[in-house]
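Trainee: Could you have a look at this structure, given as structure tokens, before my questions?
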Amino acid sequence: MPDTVLLKGVRCYGEGDPVDLLAADGVIAEIAPTITPPEGAEVIDADGQVLLPGFVDLHTHLREPGREDTETVATGSAAAALGGYTAVFAMANTDPVADNQVIVEHVHRAGQAAGLVDVHPVGAVTVGLKGEKLAELGTMAESAARVRMFSDDGLCVHDPLIMRRALEYSRALGAVIAQHAEEPRLTVGAQAHEGTQAARLGLSGWPASAEESIVARDCILAAHAAARLHICHVSTSGTVDVLRWAKQRGTQVSAEVTPHHLLLTDDRLETYDPVNKVNPPLRTASDAKTLRDALAEGVVDCVATDHAPHADQDKDCEWQAARPGMLGLQTALSIVAETMVRPGLLTWRDVARVMSERPAEIARLADQGRPIAEGEPATLTLVDPDARWTVRGAEFASIAANTPYEGMDLPARVTATLLRGRVTARDGRIR
Ligand code: DOR
């Protein structure tokens, strides 16, 4: 039974006078200046906080099956709900790989059992993420998990013929291919962004051109196949130029940026702390600025977390041996507030676009990223824009604690998340 919930004094999209919003039977039943609480309703006193459509994350690593010591579908779902998310896309680089019906259906069912966010499994593009043979995209699309996004994320689909075929099949299936753009021949042994910092510290470089060359190639292939392409974790200024060019030509390409690439730079390498090791690597301050401007302008469509939990032993070691990746679900909103809202690059209405509406459109989710209006699903995120809080990785719902923001004082906090009228998280607690 969905709850009846009355949100008192919310500012929808952070605009206008506060209103009351009643969620009943899973939908927004009423929005009015004042609503008397129906009997038995849960009342949330929002006191002018910002109400947004529930966030959609196109890029989450939930590690199940295979690395349940770092995250499970259930713990990742809890982290997502606490971070304001109502839908997440679980990447396919699990062990075994999600390249078949059995695994995608397992992840899908585990998401339903957790019941906190809609968990959409991403199917692998190639068998075992090996880049050699297409996985059975059609079988995954027709499975109970109804897979509509395919990606070898963590690895690049580097063979152009396989990429071409994947795009052609995905078009027929109404799906999208999400590419981890990294020309592997250019990143052999790479440890950090190829630039002055890496050179000074003696770390071998991951050049911007390894990303940009694949993005350019795949935009051309997508246009040729009349297919939809999504670029994961855009990290360089040159990629923004390529995206602008491709979009001007009418290519069906979308792109995401992570919160960490908006805020952090390769200055972080100074400490040699592997918590800052991520793929693609943290780039220069100039790249980060270009990414913020591109997100504001819409050349980069949306924010995605690339939430990547890792065990202590895989992060607390020397830089070369450490795995790339960082947690993101419970800090994304605050990093977007810090990098985009505070400097005036995005309004709260724009945050709804880049964290909810655009990702829902890219993934073709019919009931997420919907307008806040009567009759629409009560799938909502309440944000206190004036809150400040200190990051403590050990307190996160994730099993792993590898956050690069440890001890940082951040603005804005999710105070409640509703999925189809049910409160999934409130005041930092799962419901
Ligand atoms: O830093 C990363 N970590 N980048 C990826 O593409 C994969 C991810 C992971 O799975 O840990």
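The values are calculated or read from the model by the stated rules, or taken from the named source; none is laboratory data. On a predicted model such as this, the values are computed, not experimentally measured, just so you know. Ideal geometry is used to build each Cβ from the backbone, glycine not excepted, and the neighbour counts take in all protein chains shown.
Trainee: Give the residues of the stretch 108-129 that are more than 25 Å from residue 79 (Cα to Cα) and within 16 Å of the ligand (Cβ to nearest atom), sorted by residue number.
Mentor: 125, 126, 128, 129
Trainee: Mind checking which residues of the stretch 92-106 are farther than 14 Å from residue 148 by Cβ and either touching a His at 6+ places or on another chain (Cβ under 9 Å) or within 16 Å of the ligand (Cβ to nearest atom) (or both)?
Mentor: The answer is 93, 94, 95, 96, 97, 99, 103.
Trainee: Could you tell me whether residue 210 is within 16 Å of the ligand (Cβ to nearest atom) and more than 16 Å from residue 281 (Cα to Cα)?
Mentor: On the way: within 16 Å of the ligand (Cβ to nearest atom): yes; more than 16 Å from residue 281 (Cα to Cα): no.
In short, no.
Trainee: When only residues in the stretch 144-163 that are of a type in the set (D, E, K, R) and either more than 19 Å from the chain's Cα centre (by Cα) or modelled with pLDDT under 95 (or both) count, which is farthest from the ligand (Cβ to nearest atom)?
Mentor: Per the stated criteria, the residue is 146.
Trainee: Which one of the conditions (1) away from the ligand (no atom under 16 Å from the Cβ); (2) under 30 Å from residue 190 (Cα atoms) does residue 305 fail to meet, given that it meets all the rest?
Mentor: Only one criterion is unmet by residue 305, namely (1).
Trainee: Return only the number of the condition from (1) hydroxyl-bearing (Ser, Thr, Tyr); (2) crowded, with 18+ Cβ neighbours inside 10 Å; (3) more than 25 Å from residue 180 (Cα to Cα) that residue 86 does not satisfy.
Mentor: The failed condition is (3).
Trainee: Give just the number: which of (1) under 23 Å from residue 350 (Cα atoms); (2) over 23 Å from the mean Cα position of the chain (by Cα); (3) among the aliphatic types (A, V, I, L, M) does residue 225 not satisfy?
Mentor: Of (1) under 23 Å from residue 350 (Cα atoms); (2) over 23 Å from the mean Cα position of the chain (by Cα); (3) among the aliphatic types (A, V, I, L, M), only one is false for residue 225: (1).
Trainee: Within the stretch 46-58, is even one residue in a loop (DSSP other than H, G, I, E, B), out of contact with any His (no Cβ under 8 Å at 6 or more places or on another chain) and aliphatic (A, V, I, L, M)?
Mentor: Yes, because at least one residue in the stretch 46-58 is in a loop (DSSP other than H, G, I, E, B), out of contact with any His (no Cβ under 8 Å at 6 or more places or on another chain) and aliphatic (A, V, I, L, M).
Trainee: Look at residue 62 and say whether it is crowded, with 24+ Cβ neighbours inside 10 Å, in contact with a Gly (Cβ under 9 Å, 6 or more places away or on another chain) and part of a loop (DSSP other than H, G, I, E, B).
Mentor: yes
Trainee: Still on this structure, please answer the following. Is there any pair linking a residue in the stretch 278-299 that is away from the ligand (no atom under 16 Å from the Cβ) to one that is of a type in the set (Asp, Glu), with Cβ under 8 Å and at least six apart or on different chains, and which?
Mentor: Pairs found: 284/266; 285/267; 296/350.
Trainee: Looking for whichever is within 16 Å of the ligand (Cβ to nearest atom), at pLDDT 95 or above and on the phi > 0 side of the Ramachandran plot here; the options are 48, 9, 26, 66. Which one fits?
Mentor: Step by step, each of 48, 9, 26, 66 is checked, and only 66 is within 16 Å of the ligand (Cβ to nearest atom), at pLDDT 95 or above and on the phi > 0 side of the Ramachandran plot.
Trainee: Next up: Enumerate the helices (runs of 4 or more DSSP H) found wholly within the stretch 228-327, keeping only those where 2 or more residues are among the β-branched types (Val, Ile, Thr).
Mentor: On the way: elements: 237-248, 259-263, 285-297, 312-315.
Qualifying helices (runs of 4 or more DSSP H): 237-248.
Trainee: When the stretch 87-123 is examined, which residues are found to be among the acidic types (Asp, Glu) and assigned to a helix (DSSP H, G or I)?
Mentor: Hit for the stretch 87-123 is 105, nothing else.
Trainee: Do any residues in the stretch 406-431 that are in contact (Cβ under 8 Å) with a residue 24 or more places away in the chain and part of a loop (DSSP other than H, G, I, E, B) have Cβ atoms under 8 Å from those of residues that are of a type in the set (Gly, Ala, Ser) and surrounded by fewer than 23 Cβ atoms within 10 Å (Cβ to Cβ), where the two are at least six apart or on different chains, and which pairs are they?
Mentor: Pairs that qualify, where the first residue is in contact (Cβ under 8 Å) with a residue 24 or more places away in the chain and part of a loop (DSSP other than H, G, I, E, B) and the partner is of a type in the set (Gly, Ala, Ser) and surrounded by fewer than 23 Cβ atoms within 10 Å (Cβ to Cβ), are 406/393; 420/26; 421/24; 421/26.
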